[in-house]
Structures are given as structure tokens and as C-alpha cells.
1. Collect the residues in region 46-61 that are touching a strand residue (DSSP E or B) at 6+ places or on another chain (Cβ under 6 Å) and either open to solvent by less than 30 Å² (accessible area, probe 1.4 Å) or among the hydroxyl-bearing types (Ser, Thr, Tyr) (or both), keeping them in residue-number order.
2. Within region 293-302, does at least one residue satisfy the condition of being modelled with pLDDT under 85, among the aliphatic types (A, V, I, L, M) and either under 26 Å from residue 44 (Cα atoms) or touching a His at 6+ places or on another chain (Cβ under 8 Å) (or both)?
3. Evaluate the following for residue 292: is it basic (Lys, Arg) and closer than 15 Å to residue 263 by Cβ?
4. Here are some conditions: (1) exposed (fewer than 14 other Cβ atoms within 10 Å of the Cβ); (2) assigned to a loop (DSSP other than H, G, I, E, B). Residue 75 meets all but one. Which one does it not meet?
5. Could you list all residues from region 222-240 that are of a type outside the set (Val, Ile, Thr), out of contact with any strand residue (DSSP E or B) (no Cβ under 7 Å at 6 or more places or on another chain) and either within 14 Å of residue 134 (Cβ to Cβ) or without any contact (Cβ under 8 Å) to a residue 60 or more places away in the chain (or both)?
6. Scan region 5-33 residue by residue and report those that are without any contact (Cβ under 8 Å) to a residue 60 or more places away in the chain, open to solvent by less than 10 Å² (accessible area, probe 1.4 Å) and not small (Gly, Ala, Ser).
7. Which residue pairs have Cβ atoms closer than 9 Å, lie 6 or more positions apart in sequence or on different chains, and pair a first residue in region 263-276 that is under 14 Å from residue 290 (Cα atoms) with a second residue that is surrounded by 15 or more Cβ atoms within 10 Å (Cβ to Cβ) and basic (Lys, Arg)?
8. Could you tell me whether residue 110 is in contact with a Leu (Cβ under 6 Å, 6 or more places away or on another chain) and closer than 27 Å to residue 35 by Cβ?
Amino acid sequence: MTTVEVPHGSRSFVLRVAAVIAETADTNSLVFDVPDELREKFQYKPGQFLTLRIPSDLTGSVARCYSLASSPHTDDQPKVTVKRTDGGYGSNWVCDNVKAGDQLEVLPPSGVFTPKNLDEDLLLFGAGSGITPVMSILKSALARGNGKIVLVYANRDAETVIFARELRELVEKHPQRLTVIHWLEPLLGLPTADTLATLVAPYTGYEAFMCGPKPFMDRVHDALGSLGVPRSRTHAEVFNSLAGDPFADQAPVEVSDEEAADAATVEVELDGEVHELSWPRKQTLVDIMLAKGLDVPYSCQEGECGSCACTVLEGKVEMENAEILDPEDIENGYILGCQARPVTDRLRIQF
């Protein structure tokens, strides 16, 4: 029995695991019971993720991000799905230890891998456990949208297909809107950019979302690029293991008089409200927003999860670590708030 008495920081919460579902031999889903008083905090968008605090004998804890496979439009309780990875401490601990009734410390939903419009025609790609956020988007679009949906789902074999029965049932329920294409290695080999391009050529007008191992997503990017699909209409979800502790409260950063005098000015639009802030050159955007008590979206503060992604509308920033963003993302103005420091004197940024 895993019991957590109190959260370790002001941003995290303790949730009870209502159920553990064995999806495949190496994949479990955790369904969380969210009490009424936390319902607002745990509202989420299709494709977002939760960050779990996992005990560790070596470091006290590790933080791991797991995508929500549930849909906010069809499921009463949030559900994350965890697949064992070779040498993966967090995924193996979850699959070996977590039982119904246990308690886990969790950060509220985060992430930007989510459609702006569920009425769009969607071309979805998943490989292995990459189906998890894609499934949330798929179910949400079927429930609340009216477009067509094509899913290309790659797996090692039929036994490793997560959500196989649920996908079959969704196709039977929505035969005119949903097409599921299973790519199984024993039958088709590994997907290549050319074979994927041939497969999805009829759907180049669709908005594309992809999640899976990097080699798979590289091939999808190449396939869509060869078909002329605009980069602005392709979206990728990337997860890295977090080295820091996003559950600990951040200490306020000290600012000298000299730094304050040389600070930039930024207008930040967050949840429809605009805030004008002083931005010292050595501080990140997340730092200054937290210092002002703003509920800025962030998780890892390492540039690894994408929770704090936002758009520069005016001005220029520099970033220490932006590897999670594609060059095309950066060209389109996307930045990571936890890595961004001001270069110009005045900036406008939108979350």
C-alpha cells in the first residue's frame, strides 16, 4: 500500500488510485479519484499529461510525466497509461507497485499537445505507448467534433497493441468518421518515410498529431514533409525523464538594483489576461511570473517537458535548452518559458 500523507509542495496534490487496469502484459493504466474540491484544478485538455512523484531509495523521489489516455469529454475520471521500458525506473515501479486504493502525489494536468479545434479532420500517428495522448485526442474528437479521423498505430506485434478492444469498438460505433490502420512489424516490417507517405497521401489536408519513439516520429515528419503538409499543421509530443524536482516549491530569485535597472519589460497574455512585468536579464520567464504569483503552466523547469511552451509576438529571447522544440517551432515563435531570458528591451508573449 502506497500512502502519501501530505504533498511536498504547494502546487502538487495527493490523489487516490481508484483502479489499475492491465492493458497489455507490460502496460497498466491508473485511474484517479479526484475529489470535488480538486475538480477545477484537474480539468484537462485532450492530449495533456500528469506528472507523478515516484519514491526512490537513491534520491528520495523521481518525477515522471505520463499522458492522459482518458478524454475530458467521455470519461468521469482521469486515467494515465504507463508502459514498462527497459531500465526505466519510473515505469517499472508503477507497474510493479501501484494498486487500487494507493495514493500518489500528482501535479495538475499540463502540456500543449492538444488540438485547438476538435472539428478538424485529424491524422493521428502513435507507436507503442505513444498511443496514450493520441487516444485522448481521438476519443474527444469523436465525442465533441464532427471531422474525420485517421489513426496509424505501429506496434511490435498484435499482443502489444494497447487499447485494441476499445479501438475496435470505436470503429464499430463511428464507421463513417474513424479509420484505424494497424502497422504490425511481423507483417509489414518497420515503417519508413516512403511507406508512410504512400499510406497517408489521401489525408494531406488533415491536421497531424504524432507520439512515439524518436525514430518513428522522424519518419512521420519526413513522410508529411514529402507530401507538402505544412509544419504548422503537424504536432509532436516528446517526453524525457526529468532530472529535477518539479514538486519542490521554487525559492524566489534575488534581484540586485543593477539587474532591476537593466530589466526588460514584457507583456504576458495568460488565460485571456495581460500582465506587464519587469524581466531581469538573468531570470527566466517562469521565474518572474512565479514571483508575481501568476499561475504559469510549468512542470520540469529543465526544458524537457514542454509544459511552459508559449509564443513570442514581439521581441527576442535566448534559451539555454530548447532541444524539445523543432527548428520550425522556434521559427514560428514558440519558446519555453522556463528557459527563456530576454534579449530585447520590450517583449510580448502569449500562453
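1. Result: 48, 49, 50, 51, 52, 54, 56, 61.
2. no
3. On the way: basic (Lys, Arg): yes; closer than 15 Å to residue 263 by Cβ: yes.
So residue 292 passes the test.
4. Result: residue 75 passes all but (1).
5. Residues of region 222-240 of a type outside the set (Val, Ile, Thr): 222-228, 230-233, 235-237, 239-240.
When the remaining residues are screened for being out of contact with any strand residue (DSSP E or B) (no Cβ under 7 Å at 6 or more places or on another chain), the result is 222-223, 225-228, 230-232, 240.
222, 223, 225, 226, 227, 228, 230 - these are the residues of region 222-240 that are of a type outside the set (Val, Ile, Thr), out of contact with any strand residue (DSSP E or B) (no Cβ under 7 Å at 6 or more places or on another chain) and either within 14 Å of residue 134 (Cβ to Cβ) or without any contact (Cβ under 8 Å) to a residue 60 or more places away in the chain (or both).
6. Residues of region 5-33 without any contact (Cβ under 8 Å) to a residue 60 or more places away in the chain: 5-6, 21-22, 29, 31, 33.
Imposing the further condition that a residue be open to solvent by less than 10 Å² (accessible area, probe 1.4 Å) reduces the set to 29.
Answer for region 5-33, where residues must be without any contact (Cβ under 8 Å) to a residue 60 or more places away in the chain, open to solvent by less than 10 Å² (accessible area, probe 1.4 Å) and not small (Gly, Ala, Ser): there is none.
7. 268/348
8. Numbers: in contact with a Leu (Cβ under 6 Å, 6 or more places away or on another chain): no; closer than 27 Å to residue 35 by Cβ: yes.
So residue 110 does not fit the description; no.
The values are calculated or read from the model by the stated rules, or taken from the named source; none is laboratory data. If you're wondering where the values come from, they're calculated on a predicted model, not measured in any experiment. Positions of Cβ are generated from backbone atoms using ideal geometry, with glycine treated the same way; all protein chains shown enter the neighbour counts. Calculation scope for accessible area: heavy atoms of the full protein, side chains included, ligands and nucleic acids excluded. Shrake-Rupley method; radii C 1.70, N 1.55, O 1.52, S 1.80 Å.
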